2 protein chains.
Amino acid sequence: SVAASPAAPSLRPRRGVVAVRAEAGGGINPAIRKEEDKVVDTVVTGELAKPLTAYCRCWRSGTFPLCDGGHVKHNKATGDNVGPLLVKK
Amino acid sequence: SVAASPAAPSLRPRRGVVAVRAEAGGGINPAIRKEEDKVVDTVVTGELAKPLTAYCRCWRSGTFPLCDGGHVKHNKATGDNVGPLLVKK
Ligand code: FES
Ligand code: FES
């Protein structure tokens, strides 16, 4: 269980500043496989199931390393312009 | 550029929380092809030159969409843990 410290500061976001827990200044991956030192994935082209597969580059996909379309929400929320890498058989 | 507001709160990091100055409010791509609404690239597996090709997912590569190892500097600077997608012929 986690007891709140009496001295813990408020986590309420402030204008122009985003409080990010456990992600050092400027990190782009908030949550995916944070137990790994470096998240690397491998696609073996001979094993691809579909003619076209989209791989995530926004670190917001619920099906990472695949793209689940989560970049759309991320781009809308932040004004960013990131998108997937498409791999074509 | 970001002009400091007179009312801007301190950006001093707090324990367990990192204050991140909003880059387009949480964007992860600072500079790559910002003239495009969404940066999508396609790999045609039959056209791959090498047995193994690394594709960037950190948005810091000078040879984007290829990985140039720039994720190492990004991870060191920020404590992040991102890495490329490897495509194997
Ligand atoms: S969900 Fe991350 S690029 Fe699509
Ligand atoms: S340079 Fe971006 S993942 Fe390697």
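The values are calculated or read from the model by the stated rules, or taken from the named source; none is laboratory data. Predicted model, so just to flag it, every value in this text is computed and none were measured. Ideal geometry is used to build each Cβ from the backbone, glycine not excepted, and the neighbour counts take in all protein chains shown.
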Next on the checklist: Condition first: at the interface with chain A (Cβ under 7 Å from one of its Cβ atoms) and either near ligand 2 (Cβ under 10 Å from one of its atoms) or touching a residue at least 40 places away in the same chain (Cβ under 8 Å) (or both). Now tell me which residues in region B:60-85 satisfy that.
Outcome noted: B:PRO65, B:ASN75, B:VAL82, B:GLY83, B:PRO84, B:LEU85
Next on the checklist: I'd like the residue in region A:12-38 that is assigned to a strand (DSSP E or B) and among the aliphatic types (A, V, I, L, M) and, out of all such residues, is modelled with the highest pLDDT.
Outcome noted: A:VAL17
Checklist entry - Can you pull out the residues in region B:49-59 that are within 7 Å of chain A (Cβ to nearest Cβ) and within 6 Å of ligand 2 (Cβ to nearest atom)? => result B:ARG57, B:CYS58
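Could you grab me the full set of residues in region A:39-66 that are assigned to a loop (DSSP other than H, G, I, E, B) and either surrounded by fewer than 14 Cβ atoms within 10 Å (Cβ to Cβ) or acidic (Asp, Glu) (or both)? I'd like the intermediate steps shown before the answer.
First, the residues of region A:39-66 that are assigned to a loop (DSSP other than H, G, I, E, B): A:48-51, A:56-65.
Correct list: A:ALA49, A:LYS50, A:PRO51, A:GLY62, A:THR63.
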Item to check | Tally of residues being within 16 Å of ligand 1 (Cβ to nearest atom), farther than 23 Å from A:GLU35 by Cβ and charged (D, E, K, R) across region B:35-89 | outcome: 4
